[in-house]
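A short reminder: the numbers here are calculations on the coordinates, not readings from a lab. Source: prediction; values computed, not measured. Virtual Cβ from ideal backbone geometry, glycine too; neighbours counted across all protein chains shown.
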Amino acid sequence: MPRYLTTPIYYVNDKPHIGHAYTTLAVDVLARWYRLAGEEVFFLTGTDEHGQKVERAAAAAGLPPQQFCDEVSQAFRDLTTTMGFSNDAFIRTTEPRHHAACQALWRRLEANGHIYLGHYEGWYAVRDEAFYAEDELTERDGVKYAPSGAPVAWVKEPSYFFRLSAWADKLLSLYESRPDFILPLGRRNEVLSFVKAGLQDLSISRTSFSWGVKVPDDPSHVMYVWLDALTNYLTAVGYPNDPTALWPAELHMVGKDILRFHAIYWPAFLMAADLPPPRRIFAHGWWTNEGQKISKSLGNVIDPVALVEEFGLDPVRYFLLREVPFGQDGDFSRRSLTLRLNAELADAFGNLANRTLSLLQRNSDAMLPGEVPPDSLWVEHVSGLAAKVAQALDVQQFHIALEHIFAAIRAANVHITEQAPWALKKTDPARGLAVLRGLHDALRVFATVLTPFMPTTMAAMLDQLGVPDDARTLAALATPLPAGLALPPPAPLFAKRELPA
Ligand code: ME8
């Protein structure tokens, strides 16, 4: 069965920023890694287009909601190209198939006795599209705020409810029986204490606006946008017609801000509809920009398109997953990005490749020398590398995967300096060629395991290494390239940049 991996579907109230690119990038690297390992993947992303927040944004833009959604959704689709994402599908919640899936799920929940009609009265934050209890709020200048900083307003209207209160015990046993259902563990513990404190029934419909999926048989209600949004993960795999082909999802990647919806509401909805919960929900941290919270009002939103234009796509992809332990919050700075590009990509890795390949041109007539005996110290760093990377990526630890790769690159740099193959040409040419062959083998491993992180640059490096297209997989690493393979002239792949002040 293909590995089904998802990103959140992004609100179309505003154009995409670096935070959105980050979540999808993480899933892209996983998807590319598993494909490189010969596995089938279904990688889904898309846009969340209903609800009061989007309805208001459309009104502010002076556009009919559908037209507004079409335009902003297209910007998210364009981002997948800008960032080199390899998603297999892109879902929009305004698609008719999604309305049908939501209504089918609603009917199932209703038939199973989990929905009742009542009256909602309480606090709601449109920015978060979330309900809050009184004791979660703080007050400033007469305005009440949710923990996220979003202002809340009092809502009073007829509403359908989902019997969430009945699911606390079943959720707790789900978390207990599957310790890696929510990662990282710190976040899992937060969810656990929230659920242990008791759950209230959830309002799942609204009557005060109309931009949403209509409740079956009661069109004066639209569904709560989170019930609608979460259902996208089922719609995309054919629910209700073909619900079992790809379900359950292997991984929902989300930001920490929306973990509660994914780890509490979503498994409860699914279990109530007799469907299995997903296998894992991973909540990553948030980026700040040069030490400041990223917000539109501060005017410091990072535009991924401009960033890629300035630094190049692969350095940006690399930096985002290298800089911060995945799961924790992190700070974006142009200085750290430049430092890593210069020191790690251009110096440590790029120079190693360039020196090795230039020496092979000169000392080996641009041909790959024969196989090297695995006697050198650094071989131990390289031979098990793919397995170490696989292990880290299976638990979404991108920074650990990259740390393993760069430890091996550092070892290879020590090796080339110690062996000095440029000098061996005169003193011991056979050994000189063996050293270069060993370095070539190592570079092939580095470029292969880095392909999911930096697909374009690593394809160019594999070209320079003369690796045939059909040998660019993890499995192919076990087969040495033939001696005599022609090596094209090398060119540097990473350009250093001035450090910003
Ligand atoms: O919440 N740092 O959509 P959304 C890191 N439609 N990640 C960030 C970020 C930051 N500063 N800012 C945003 C929604 N993100 C719902 C989801 S899913 C069924 C519905 C990322 O447009 C992070 O992944 O507000 C967060 O969860 C997502 O963008 C929220 O995007």
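With contacts taken as Cα pairs under 8 Å and at least 6 residues apart, segment 214-328 reaches a relative contact order of 19 percent. With all projection directions averaged, the alpha carbon convex hull of segment 334-478 covers 8.9 nm². Counting every alpha-carbon pair across segment 294-344, the share separated by more than 13 Å comes to 60%.
Which FRET efficiency value, to the nearest 0.05, do you get for Ser165 and Gln361 by plugging their Cβ-Cβ distance into 1/(1 + (r/R0)^6) with R0 = 51 Å? Here the calculated transfer efficiency is 0.10. Taking 0.36 nm per residue of separation and subtracting the Cα-Cα distance, full extension of the segment from Ala61 to Ala89 would add 7.3 nm. Roughly how tilted is helix 65-82, in degrees to the nearest 10 and between 0 and 90, from the longest Cα axis of the chain? The angle comes out near 20 degrees. Counting alpha carbon pairs within less than 8 Å and at least 6 residues apart, what relative contact order, in whole percent, applies to the chain? Here the relative contact order equals 15 percent. Computed from Cα positions, the angle between helix 168-177 and the longest principal axis of the chain comes to roughly 20 degrees. A crude spin-label estimate for the pair Ala197 and Leu185, with each label 7 Å from Cα along the Cβ direction, gives 2.3 nm.
Remark: for residue pairs Lys15/Lys214; Lys15/Lys144; Lys15/Lys53; Lys53/Lys296; Lys15/Lys296; Lys170/Lys196, the C-alpha separation exceeds 19 Å in Lys15/Lys214; Lys15/Lys144. When you restrict to C-alpha pairs under 8 Å that are six or more residues apart and normalise by the size of segment 334-478, the relative contact order lands at 26 percent. Seen against the Cα atoms of the chain and their longest principal axis, helix 455-464 is set at about 20 degrees. Computed on the Cα atoms alone, the convex hull of segment 412-501 gives a volume of 141 cubic angstrom per residue.
When DSSP beta bridges are restricted to pairs lying wholly in the chain, around 50% turn out antiparallel.
Modelled spin labels at Glu40 and Ser333, positioned 7 Å past Cα toward Cβ, are 4.7 nm from each other. The loop-placed trypsin sites (Lys or Arg not before Pro) in segment 41-82, going by DSSP, include none that has at most 12 neighbouring Cβ atoms within 10 Å of its Cβ. Enumerate the residues in segment 103-140 having an amide nitrogen under 15 Å from the point lying 7 Å beyond the Cα of Asp217 toward its Cβ. Of the residues in segment 103-140, 103-118 have backbone N under 15 Å from the label point off Asp217. Taking the helices alone, the chain has a mean residue ellipticity at 222 nm of -13000 deg cm²/dmol, built from -39,500 (n - 2.57) per DSSP H run of at least 4 residues and averaged over all its residues. Were the residues from Ala306 through Thr456 laid out at 0.36 nm apart, the gain over their Cα-Cα distance would be 52.2 nm. Packing order of peptides 128-140, 430-442, 277-289, highest average first: 430-442, 277-289, 128-140 (average count of other Cβ atoms within 10 Å over each peptide's residues). Subtracting the Cα-Cα distance of Glu157 and Ser295 from their residue separation scaled by 0.36 nm leaves 46.5 nm. Working note: Cα atoms of the chain, range along each principal axis, descending, whole Å: 88, 48, 40.
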